[in-house]
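The values are calculated or read from the model by the stated rules, or taken from the named source; none is laboratory data. Small disclaimer: the values here were computed from a predicted structure and weren't measured. Backbone-built Cβ (ideal geometry, glycine too); neighbour counts: all protein chains shown. Just the protein is used for accessible areas: all its heavy atoms, side chains included, with ligands, DNA and RNA removed. Shrake-Rupley method; radii C 1.70, N 1.55, O 1.52, S 1.80 Å.
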Amino acid sequence: MYSAQVSHIAKSFGKTQAVADVSFAVERGEIFGLLGPNGSGKTTTLRVMLDVFKPERGTVSILGGPMSEEKKERIGYMPEERGLYQDMPLERCLVYLATLKGVPAGEARGHLAGYLERFDLAAHKGKKVKELSKGMQQKAQIINTILHRPELVVIDEPFTALDPINTQLVKDLMKELRDQGATIIMSTHQMRQVEELCDRILLIDDGRDVLYGHLGEIRRQYSGHAVLVRLAGELPTVAGVEQVLPHNNAAKLMLAEGTTPQDVLRALMAQDVILEKFEIAVPTLDEIFIRVVEEGDA
Amino acid sequence: MKKMYLVLRHELMTTIRRPSFLLVAFGIPLLAVLIFAGVTIVRGGSPDSGVIPSDPADASELEVQGYVDQGGLISVIPHDIPPGYLIAFPDEDHAQQALEVGEIVAYYVVPEDYLQTGDLIIVSPDPSPFSAHRQDGAMRWTLLVNVLGGDAELADRVWNPVNLEVTNLAPQPQHDSYADEDCSKPGVACESSLLIRYLPMIMLVLFYVFITTGSSLLLRNISAEKENRVIEILMLSISPWQILTGKIIGLGIAGLLQMAAWVGTVYVLLRMGGGTFNLPAGFEIPPSLLVWGLVFFLLGYAVYATLMAGAGALVPNLKETTQVAWVVMMPIFVSYLVGLFIIEDPHGRLATGLSLFPLTSPTMMIMRLTVGGVPLWQPLLAAALLVLTAILVLRAVAGMFHAQNLLSGQSFSVRRFYGALLGRA
């Protein structure tokens, strides 16, 4: 069962093609990562998915069908460019926006009290939004996104302006929402958070999907291009190794195209070295991102 | 419907809590009342002293004046000047002494060569030109009667040479309450009431201010929401139609409150301070004018506020709103300027045409209705055309209220605005 299904969508603004061809599906109850360099079309993809923009091509199904006014109440969205009433007191602002999502004001106020406490904002609820720090405003924005208990949460860059403690707070909250059955689609540049939180990812580059699937599978797919080696003595020259990098107490050997880890192992054994460690290096998401985006290695 | 109401309530409450709104809506009228009360106190009167009596025989509120007739022209005081109101003095010294002891409030000197020059000198310790103007009618009347050899009837005909009878084809006269006011007698208040004379112009200015300020609130509101990006959150919560109608009605009620505060203040001042404004007895703003005022304000606001909302959807930031407001408000601004020039010919072709054309009728029709004598079919037709225009504009602007415009950072252009209104964006 999918919370969102996007199939071959395209969207342009004038002569600029923001999204050329993107397809993906988000399963109910998962945390899905939407990645891509700046200007790759992530935000436009999210806006098309949420029916803010109509696509020129392709289809979108959200919560089991086309977008409707009723479904808006079941979705929480935090846009890339934050939006709260700057001149309104925090509590009034969040309660008002929750009522627009169909939550009675009294109920919204009750939910809000708990979230304000949890995010250390209770003492600031009477302050105008513009009087809050950037980090506080970010937390307020996150609360606004989930206050009405949505089934589908779509968050663009959730960790911007947050310190490590608040980052952890938000990560815990996202896991908690997932455990309660909510689906989360998260667009971010912070690969470490994606690695920790996401079950599956989609990488968009230049308006096209270039990488899509389970994180583990993708990493396996991109492993084998490097090995971690620790020897008793000095590392000899090995054919097929392009570069040697220090890596903790070992060496990371970057393999040339066509060279496999088995080739390197055989070459080392042939030179009678005492091998203390030999491990196929699993690439980080950062490395995969760079390889896919900069080197076009999809 | 419920969400539209939530937007409406939010916009209304947010607006009326704003200090700038409170200042304009209530601060300015309050200031006017305070200034009026201050002037009244300084002048030694009381704010509820009432209007000046239209009957010159009622001397209870008239102040005694004197005159020095150097040419021996005045032989008779007209019978409708209250006895003892105009006191003759043999020379200026005696008149000056009477003035100093407070026996009289002012005196006139009629020079020997009055018949050749028409010169009349008034000596008064009160520097206000309005107070002098207010009561010199009695002296003028006395002079006229005496120049005509004491024939009061002839003098009356010269003063008021025609009894103009106007046949109004409208089913009901617009200003029956003061159109029949007896202004034929000199010294009667309405002869010199600037307020009544300029009431059509005042109404023109007031309606221009009400409609433009009310509509501008909407432009600023929408462009502010675009700038702080709340609009994207709103679009994921409610429909653009609900946003638009909620805002128009909410801010319209705020505008109506402002108008009520201003009109209420004007009403209170007129009731309290008729004397200060030199209004005739029985003067009142006719209820029909108030009803038409409400109709034309609401319809004019609906058209211009909706246009402003459309412009707001296209404006990328708050900074550009001032220029954009001018583009949208140009028709009503032009009608306001033209109205100031054609106020003397309120039923001419230009004034009639502008009062029927929907983008100019909210101010021009009110000006004409204040003057009076407008056939009933004209305000009815103007209102019907305004309703039609409001519906068309609302439909066109609702079409502009979509994400492509609301989230765009594209700069505003007149061409793009009118293109969008015609459904080309």
* Might you check whether a residue that is open to solvent by 70 Å² or more (accessible area, probe 1.4 Å), closer than 30 Å to A:Ser40 by Cβ and charged (D, E, K, R) occurs anywhere in segment A:109-128? => no
* Give A:Arg109, A:Arg149, A:Arg57, A:Arg74 a once-over and let me know the one that is among the charged types (D, E, K, R), closer than 28 Å to A:Val6 by Cβ, modelled with pLDDT of 90 or more and more than 23 Å from the chain's Cα centre (by Cα). => A:Arg57
* Members of segment A:95-141 found to be free of Cβ contacts under 8 Å to residues at least 24 places away in the same chain, out of contact with any His (no Cβ under 6 Å at 6 or more places or on another chain) and within 12 Å of chain B (Cβ to nearest Cβ), listed by number -> A:Val95, A:Thr99, A:Leu100, A:Pro104, A:Ala105
* Asked: Regarding B:Leu369, is this residue surrounded by 21 or more Cβ atoms within 10 Å (Cβ to Cβ), over 30 Å from B:Val230 (Cβ atoms), touching a helix residue (DSSP H, G or I) at 6+ places or on another chain (Cβ under 8 Å) and assigned by TED's automatic domain parsing to the domain that holds B:Ser237?
  -> yes
* Structure fact -> Condition set part of a helix (DSSP H, G or I) and open to solvent by 30 Å² or more (accessible area, probe 1.4 Å), scope segment B:372-388, selection farthest from B:Ile285 (Cα to Cα): answer is B:Leu388
* Sole residue being open to solvent by 10 Å² or more (accessible area, probe 1.4 Å), touching a residue at least 40 places away in the same chain (Cβ under 8 Å) and farther than 17 Å from B:Arg229 by Cα, chosen from A:Arg74, A:Arg92 -> A:Arg74
* **Residues satisfying the stated conditions in segment A:58-82, i.e. under 25 Å from A:Gly207 (Cβ atoms) and within 11 Å of chain B (Cβ to nearest Cβ)** => A:Met67, A:Ile75, A:Tyr77, A:Met78, A:Pro79, A:Glu80, A:Glu81, A:Arg82
* What's the number of the condition A:Phe53 fails, among (1) touching a residue at least 60 places away in the same chain (Cβ under 8 Å); (2) open to solvent by less than 20 Å² (accessible area, probe 1.4 Å); (3) part of a loop (DSSP other than H, G, I, E, B)? -> (1)
* To do: Restricting attention to helices (runs of 4 or more DSSP H) lying wholly within segment B:194-280, give those where 1 or more residues are away from every other protein chain (no Cβ under 13 Å), modelled with pLDDT of 85 or more and open to solvent by 20 Å² or more (accessible area, probe 1.4 Å).
  => B:199-227, B:240-272
* Asked: Does any residue of segment A:268-278 turn out to be among the small types (Gly, Ala, Ser) and in contact (Cβ under 8 Å) with a residue 12 or more places away in the chain?
  -> no
* Under the condition of being modelled with pLDDT of 90 or more and among the β-branched types (Val, Ile, Thr), which residue from segment B:39-75 is nearest to B:Leu154 (Cα to Cα)? -> B:Ile74
* To do: Go through (1) over 14 Å from the mean Cα position of the chain (by Cα); (2) closer than 16 Å to A:Asp206 by Cα; (3) assigned to a loop (DSSP other than H, G, I, E, B) and name the single condition A:Gly29 misses.
  => (2)
* Name, by its number, the condition in (1) surrounded by fewer than 18 Cβ atoms within 10 Å (Cβ to Cβ); (2) part of a helix (DSSP H, G or I) that does not hold for A:Gln141. => (1)
* For segment B:332-353, does any single residue satisfy the condition of being in a loop (DSSP other than H, G, I, E, B) and either outside the structural domain of B:Val230 (by TED's automatic domain parsing) or over 25 Å from the mean Cα position of the chain (by Cα) (or both)? -> no
* Provide a single number: the residues in segment A:248-262 that are surrounded by 16 or more Cβ atoms within 10 Å (Cβ to Cβ), free of Cβ contacts under 8 Å to residues at least 24 places away in the same chain and under 24 Å from A:Glu217 (Cβ atoms). => 1
* **Conditions (1) surrounded by 15 or more Cβ atoms within 10 Å (Cβ to Cβ); (2) within 14 Å of another protein chain (Cβ to nearest Cβ); (3) acidic (Asp, Glu): number failed by A:Glu30** => (2)
